[in-house]
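Here is the structure we will look at.
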Amino acid sequence: MITIAVDAMGGDHAPRPEVEGSVLAARELGVRVLLVGQPAAVRAELAKHAPAHLPIEVIPASEVITMDDHPVQAFRKKKDSSVHVAARLVREAKADGIVSAGNTGAVMTVAKFLLGTLESVDRVALAAPFPNAKGGVSVLLDVGANVDSRPEHLVQFAIMGEVYYRATFGHRRPRVGLLSVGAEEIKGNELTREVYTRLKKSTVHFVGNVEGGDLFSGDVDVIVCDGFVGNIALKICEGLAVSIFGLLRKSLKSSLVSQLGAVLSQGAFKGLKKTIDYTEYGGAPLLGVRGVCVIGHGRSNANAVKNAIRVAAGLARARSNEKIEQELSGAGDLS
């Protein structure tokens, strides 16, 4: 049975959604969950769900890393935090992966230093899945693990993203695109032009440059960029989604909308909201670390936690790290 360590103290409303999501995962997904956190708080929440028959265990951790903590300082000073303890469980092979909705920078720092990186990986990458216009899912990486990257790093991101996509979404040969300022090969800055040349020679199914407007088209499955650009793109998309829903909600309440039209619009609104609901995707995997690490939104609810556990378990079952090592070894010199 796959075992996932869940940082029960990480999210904005911890430990309630972490515990509830873990109960759902243990009940529906056939995984074993180690809930890591302050025992009294975790057990009090766990008691509400009567999960005596489920494979769930509480692992004590005395400290909590908050959203206000500096990642490096928290890593050094809070050695018994729930994130530290969960990562050590993976390092000691007592768990196959870690899920956390905590401080993203702190989770990445703990994972990189306690778990280490795969032998063939120079830089880890954070991969963000999102729905596209064709009813499928596209993945953007890196979305913030690195703000400065060299060409060989982006080629590694492409390979890792392709392996992740195959393992999670079942596509045998995902289409990989490079985020740039134009579709033509000559477009872009020095970094993207060099990456374009290398990706053409790589083992991935590279389909060329894509522009910002193509992120949601569904014409590509994996979109590669450096973490500086990726994080800005991700935050713009998140902010735009919030604004659009605000405008739609305001429009539905307008006196200009007929009663019948309002009812029909409400149905469409709910359908759209479900389609782009981030909780269905669980979180963003940190690719390239030993073990599996999935980082969720701080505001993750129980459904998001359950799906983050699903993603982590799926990557562990698919032996994604072994496949990343194989693909990178077969890629030869990327410099």
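The values are calculated or read from the model by the stated rules, or taken from the named source; none is laboratory data. Since this is a predicted model, take the numbers as computed values, not measurements. Counting neighbours? That spans all protein chains shown, and the Cβs are built from the backbone with ideal geometry, glycine included.
With respect to (1) under 19 Å from the mean Cα position of the chain (by Cα); (2) over 30 Å from A8 (Cα atoms), the lone exception for V90 is condition (2). I'm trying to understand the selection: among the residues of the range 211-245, which are of a type in the set (A, V, I, L, M), without any contact (Cβ under 8 Å) to a residue 60 or more places away in the chain and closer than 20 Å to D148 by Cα? Listed by number, the residues that qualify are V229, I232, I236. For the range 12-22, the criterion of being within 20 Å of the chain's Cα centre (by Cα), under 17 Å from R317 (Cβ atoms) and either assigned by TED's automatic domain parsing to the domain that holds A313 or among the hydroxyl-bearing types (S, T, Y) (or both) is satisfied by no residue at all.
Selection of the range 298-328 for residues being of a type in the set (D, E, K, R), outside any helix (DSSP H, G or I) and closer than 26 Å to L199 by Cβ yields only R319.
Scoring V33 on the criteria (1) assigned to a loop (DSSP other than H, G, I, E, B); (2) surrounded by 24 or more Cβ atoms within 10 Å (Cβ to Cβ) leaves a single failure, condition (1).
Using the structure shown, decide if S149 is more than 24 Å from E322 (Cα to Cα), buried (at least 22 other Cβ atoms within 10 Å of the Cβ) and not hydrophobic (A, V, I, L, M, F, W, C). No, not satisfied. With respect to V23, is the statement that it is among the hydrophobic types (A, V, I, L, M, F, W, C) and in contact with a His (Cβ under 8 Å, 6 or more places away or on another chain) true? Considered against the rule, which asks whether it is among the hydrophobic types (A, V, I, L, M, F, W, C) and in contact with a His (Cβ under 8 Å, 6 or more places away or on another chain), V23 comes out as yes. On the stretch given as the range 36-82, residues that are surrounded by 18 or more Cβ atoms within 10 Å (Cβ to Cβ) and among the hydroxyl-bearing types (S, T, Y) total 2. Taking the criterion of being surrounded by fewer than 22 Cβ atoms within 10 Å (Cβ to Cβ) and closer than 17 Å to I56 by Cα, the residues of the range 94-109 that qualify are K94, D96. Please go through the range 1-30 and give me each residue that is in contact with a strand residue (DSSP E or B) (Cβ under 6 Å, 6 or more places away or on another chain) and in a loop (DSSP other than H, G, I, E, B), ordered by number. M1, A8, M9, G10, P15 - these are the residues of the range 1-30 that are in contact with a strand residue (DSSP E or B) (Cβ under 6 Å, 6 or more places away or on another chain) and in a loop (DSSP other than H, G, I, E, B). In the range 114-129, the qualifying residues are those that are more than 23 Å from E18 (Cβ to Cβ) and not polar (S, T, N, Q), and the one that is surrounded by the fewest Cβ atoms within 10 Å (Cβ to Cβ) is E119.
Filtered by the rule that a residue be buried (at least 24 other Cβ atoms within 10 Å of the Cβ), farther than 15 Å from A40 by Cβ and modelled with pLDDT under 95, the range 1-16 gives G10, G11.
Condition first: surrounded by fewer than 16 Cβ atoms within 10 Å (Cβ to Cβ), part of a helix (DSSP H, G or I), assigned by TED's automatic domain parsing to the domain that holds G11 and out of contact with any Ser or Thr (no Cβ under 9 Å at 6 or more places or on another chain). Can you find one or more residues in the range 192-206 that meet it? Looking for residues that are surrounded by fewer than 16 Cβ atoms within 10 Å (Cβ to Cβ), part of a helix (DSSP H, G or I), assigned by TED's automatic domain parsing to the domain that holds G11 and out of contact with any Ser or Thr (no Cβ under 9 Å at 6 or more places or on another chain), one finds none in the range 192-206, hence no.
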